[in-house]
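The values are calculated or read from the model by the stated rules, or taken from the named source; none is laboratory data. Fair warning: this is a prediction, and the values are worked out from it, not measured in the lab. Methodologically, a virtual Cβ is constructed for each residue, glycine included, from the backbone with ideal geometry; neighbour enumeration extends over all protein chains shown. Ligands, DNA and RNA are excluded from the accessible area calculation, which covers all protein heavy atoms including side chains. Shrake-Rupley method; radii C 1.70, N 1.55, O 1.52, S 1.80 Å.
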Amino acid sequence: MDYAYDVYKKNCPTRLVLDRLADKWALLILIRLGEKPIRFNQLRREIEGVSQKVLSETLRSLERDGLIGRAVFATVPVTVEYSILPLGRTLVDTAQALTRWAEANVEAIVAAQAAYDARTGAAA
């Protein structure tokens, strides 16, 4: 398949897409929203370690990219719910595969890091 873009070129806009998708919070959000629509505070509780500021910024970026949608409900207080959009849905399986790979291989990676550090006297 021939594409008009070349990710290996310095000014290729696809690098911006890769940068967004390389973010751990973006991947975790996409996976969660792939399961069901979720409100902001529920997402914050379910994705441990993400700050309110980072979650808000990441959601805004994913919405801008057309990967997720945001619905506001006129309740007191106002309820905001996020959901996956069709374009984001095309990424969910890939994101899930990447996280499963990380979970399955983290012990081997930690062992490799320890061996490297012992060999070189370096620590990250």
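Here is the figure for region 62-84: residues that are at pLDDT below 95 and hydroxyl-bearing (Ser, Thr, Tyr) total 2. Scanning region 1-47 for residues that are under 11 Å from the mean Cα position of the chain (by Cα) and not hydrophobic (A, V, I, L, M, F, W, C) gives Asp19, Arg20, Asp23, Lys24, Arg32. Please go through region 60-75 and pick out each residue that is surrounded by 11 or more Cβ atoms within 10 Å (Cβ to Cβ) and part of a helix (DSSP H, G or I). Those that are surrounded by 11 or more Cβ atoms within 10 Å (Cβ to Cβ) and part of a helix (DSSP H, G or I): Arg60, Ser61, Leu62, Glu63. Contact map, region 63-83: first residue without any contact (Cβ under 8 Å) to a residue 24 or more places away in the chain, second residue part of a loop (DSSP other than H, G, I, E, B) and loosely packed, with under 13 Cβ neighbours inside 10 Å, Cβ cut-off under 7 Å, separation 6 or more or different chains; pairs are Val72/Val78.
Give region 80-124 a look and list any residue that's under 16 Å from Leu30 (Cα atoms), open to solvent by 80 Å² or more (accessible area, probe 1.4 Å) and either out of contact with any Gly (no Cβ under 7 Å at 6 or more places or on another chain) or β-branched (Val, Ile, Thr) (or both), or say none. Once the filter is applied, which keeps residues that are under 16 Å from Leu30 (Cα atoms), open to solvent by 80 Å² or more (accessible area, probe 1.4 Å) and either out of contact with any Gly (no Cβ under 7 Å at 6 or more places or on another chain) or β-branched (Val, Ile, Thr) (or both), region 80-124 yields Pro86, Thr90, Asp93, Thr94, Leu98, Arg100. Within region 1-59, restricting attention to residues that are part of a helix (DSSP H, G or I) and of a type in the set (Phe, Trp, Tyr), the residue that is nearest to Val92 (Cα to Cα) is Trp25.
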